[in-house]
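Novice: Let me begin by handing over the structure; questions about it come next.
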Amino acid sequence: MEVFATALPALDAAFAMILQPHVLGFLVLGVVMGLCIGVFPGLGGIAGLSLLLPFMFGMEPVTGLALMIGMVAVVPTSDTFASVLMGIPGSSASQATVLDGFPMAKKGQAARALSAAFASSLFGGLVGAAFLTVFILAARPIVLLFQTPELLMITIFGLSMVGILAGTIGEGASSGALRMSTYDMPYLVDGLKLVIVGLGIFAIPEIVALLRRDKAISDHTPLGGGWLEGVKDWWANKWLSVRCSLIGVVVGVIPGLGGSVMDWIAYGHTVQTAKDKSGFGSGDVRGVIGPESSNNAKEGGGLVPTLLFGIPGSGSMAIFISAVALLGTGSIEVGPSMLKNNLDFTYAIVWLLALANVVGTVICIAASGGIAKLTEIRFALLAPFLFMIIAFAAFQSRQEIWDLVALFGIGLLGILMRRFDWSRPAFLIGFVLSAPAERYTNQAYQIGASRFRRGFEEGIEYVFSPIVIVLIIITLLSVVIGLRQAKNIQAEGAVASGSKRAPLIFLLAVTGYIAVAYWNSAIIPDFARMDRVFPVFVATVALVGCALLLVQMVRSDETAPIFADREDEEAEENVHGLWVTLGWFASLLIASALVGFILALAGFLLLFIRIRAGKSWGYAVAYTAAGIAFICGMAWTLNRDFPPGLLQDLVDLPWPLT
């Protein structure tokens, strides 16, 4: 009864909180933004939230939550457009939808497939929100008992070693010792910023990949009729939708497991439980209903470790955690403290998630015709605009030209990770968890040492509490199961194997960086040893993992999945080379350093549209003027500046040129 006595007032307060007109307005705005981003294959919620991150600082908490939840909730719904209309997975979590959704579109049943998918997504999203509500009610008393060792084990459960090492760049949290940085380059002293890592790892690789194909995202595919028939299909298979929604919730709870795994589990369950399996792969609507139900339900499941422990259940949740810390006065912290001190905000997230799914489904159905036309625009006309927005968002992290340099460098890393099928969500989760993992490690070490000085039994009782032992067992089981299933699961869907050479060189380069990071941390002096322990341990584990992977590469045949290489797989589709495409963006970076961002952007847009897109000078001038007007309007509204260059140091220019 005490649980309900605490929860019911919080639920009521949360409901009243989100029904304010301006909150609902920001929710709809977030849904629309998520819809626009989800249409482009590969961008997804991580890129969307990364774009929002710089503007969350100081925003009213419930307003910021509405904007973010609106975007996160609708992306798994809107990425269905790419899967059905284009035959391209809108994200790694919508790969299975392509198998039956795209054949239905080619039969003229695109509307039927989309409506079945939207109905399934709506139901799955509501199931996820309901599960989250019940789980918070049941788990809150237990979570509030967690101390530092338990929180450390929960953090370790979702770790990625390479991402953690990237997160340790800069001053150490304990004594301020420098790691993989120097005061000669002050930019790295404060470490890399999440907004740049998120955009570089996810948005840049997908934009470059689509741009290299130099065509519209899809050929013209008429939607056809059958909107109501798709809803009837969902109702006829409602119990399949229930089962797959529960699969999505359960998989979503496990940090870092990923939507791509969940998608195929749900599709496999759909096929296995069907009496007639002959239609799958050629346009069976059940092949759309099952994966789409689990796809949206996983967002509710992913919020369980996020809200209860501050451990991101997915890459988008990693961005979400950092964004929440920026809201208001910065007093809201996702995890046990939120359950204890801000329970109304916790339930506001639940209500917003449910409401966003309803709003998102309605908007997706209403806007389907226009979205279908958007996918027919040649991507060479969209890419400069998208990159302009990404560069502007990245610059807001520190407002230095080095922000753009970091974006370009991490974008190159993201391109290589995508090429060789290294898990980018795992990298991002490790990056976000590096700070709390080191903090909990230092705290547990200091408190544990104090307890051991009082007595051995007291120290053991603190370090190995029953909850810690259970979490250790779960972590070990997840590692063992993951290693056994690794050969059957690829990070971002099936990727054809190439030659041994390129993947091996990339592995050696990563190993080299880890070795340098180990050496750099090992030489930290003893007076700052607490800043040395964590990165040395992480680098040691990562080096062991790289050594094992290297042995496996040497012993395996080049057709093994370990040699996945998208460059060979996409060679026929790519019209332009990687380095030529990157050269355009590198030229924008160099020009920004010389003459400032706005002047460089104007030249970039003009020449790109004229030369790369092949449009007339008149079209290029109009496009450039519209782009500059848009970005200046955004900067003026948000009271932001643009990156200056050497020209601005020599000449006093008016805004926005300064």
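Novice: Picking from 593, 542, 602, 547, which residue would you name as being crowded, with 20+ Cβ neighbours inside 10 Å and in a helix (DSSP H, G or I)?
Specialist: Result of the check over 593, 542, 602, 547: 542.
Novice: Quick check, is residue 560 over 23 Å from residue 52 (Cα atoms), among the aliphatic types (A, V, I, L, M) and in contact (Cβ under 8 Å) with a residue 12 or more places away in the chain?
Specialist: yes
Novice: So the check is Cβ under 8 Å with 6+ separation or different chains; which pairs have a first residue in region 286-304 that's on the phi < 0 side of the Ramachandran plot and open to solvent by 10 Å² or more (accessible area, probe 1.4 Å) and a second one that's β-branched (Val, Ile, Thr) and part of a helix (DSSP H, G or I)?
Specialist: Listed by first residue and then by second, the contacts come to 286/270; 298/249; 298/251; 299/72.
Novice: Give the residues of region 563-613 that are basic (Lys, Arg) and touching a Gly at 6+ places or on another chain (Cβ under 6 Å), sorted by residue number.
Specialist: Selection gives nothing.
Novice: Still on this structure, I have one more. Name the single residue that is farthest from the chain's Cα centre (by Cα) among those in region 368-413 being at pLDDT 80 or above and of a type in the set (Gly, Ala, Ser).
Specialist: Filtering first and then ranking leaves 380.
Novice: For residue 349, only one of the following conditions fails: (1) open to solvent by less than 10 Å² (accessible area, probe 1.4 Å); (2) of a type in the set (A, V, I, L, M); (3) in contact with a Ser or Thr (Cβ under 7 Å, 6 or more places away or on another chain); (4) assigned to a helix (DSSP H, G or I). What is its number?
Specialist: Exception for residue 349: condition (3).
Novice: Of all residues in region 618-658, how many are outside any loop (DSSP other than H, G, I, E, B), aromatic (Phe, Trp, Tyr) and either open to solvent by less than 70 Å² (accessible area, probe 1.4 Å) or in contact with a Lys or Arg (Cβ under 6 Å, 6 or more places away or on another chain) (or both)?
Specialist: Going through region 618-658 one residue at a time, the tally reaches 1.
To keep it simple, each residue is scored yes or no on (1) at pLDDT 85 or above; (2) polar (S, T, N, Q); (3) assigned to a helix (DSSP H, G or I); (4) open to solvent by 20 Å² or more (accessible area, probe 1.4 Å).
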{"position": "27", "(1), (2), (3), (4)": "yes, no, yes, no"}
{"position": "32", "(1), (2), (3), (4)": "no, no, yes, yes"}
{"position": "35", "(1), (2), (3), (4)": "no, no, yes, no"}
{"position": "52", "(1), (2), (3), (4)": "no, no, yes, no"}
{"position": "58", "(1), (2), (3), (4)": "no, no, no, yes"}
{"position": "65", "(1), (2), (3), (4)": "no, no, yes, no"}
{"position": "69", "(1), (2), (3), (4)": "no, no, yes, no"}
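Novice: Do we find that residue 427 is out of contact with any Lys or Arg (no Cβ under 9 Å at 6 or more places or on another chain), within 29 Å of residue 597 (Cβ to Cβ) and open to solvent by 20 Å² or more (accessible area, probe 1.4 Å) in this structure?
Specialist: no
Novice: Residue 565 versus (1) open to solvent by 20 Å² or more (accessible area, probe 1.4 Å); (2) farther than 30 Å from residue 170 by Cα: which is the lone unmet condition?
Specialist: So residue 565 meets the others, but not (1).
Novice: Could you grab the pairs with beta carbons closer than 8 Å, sequence gap of 6+ or different chains, first residue in region 529-544 and farther than 18 Å from residue 436 by Cα, second one modelled with pLDDT of 80 or more and open to solvent by less than 10 Å² (accessible area, probe 1.4 Å)?
Specialist: Filtered contacts from region 529-544: 542/514; 543/514.
The values are calculated or read from the model by the stated rules, or taken from the named source; none is laboratory data. Since the structure is predicted, the reported quantities are computational estimates derived from the model, not experimental observations. A quick note on method: Cβ atoms are made from the backbone with ideal geometry, for glycine too, and the neighbour counts reach across all protein chains shown. For the accessible areas, the whole protein counts, side chains as well, though only heavy atoms, and no ligand, DNA or RNA atoms are used. Shrake-Rupley method; radii C 1.70, N 1.55, O 1.52, S 1.80 Å.
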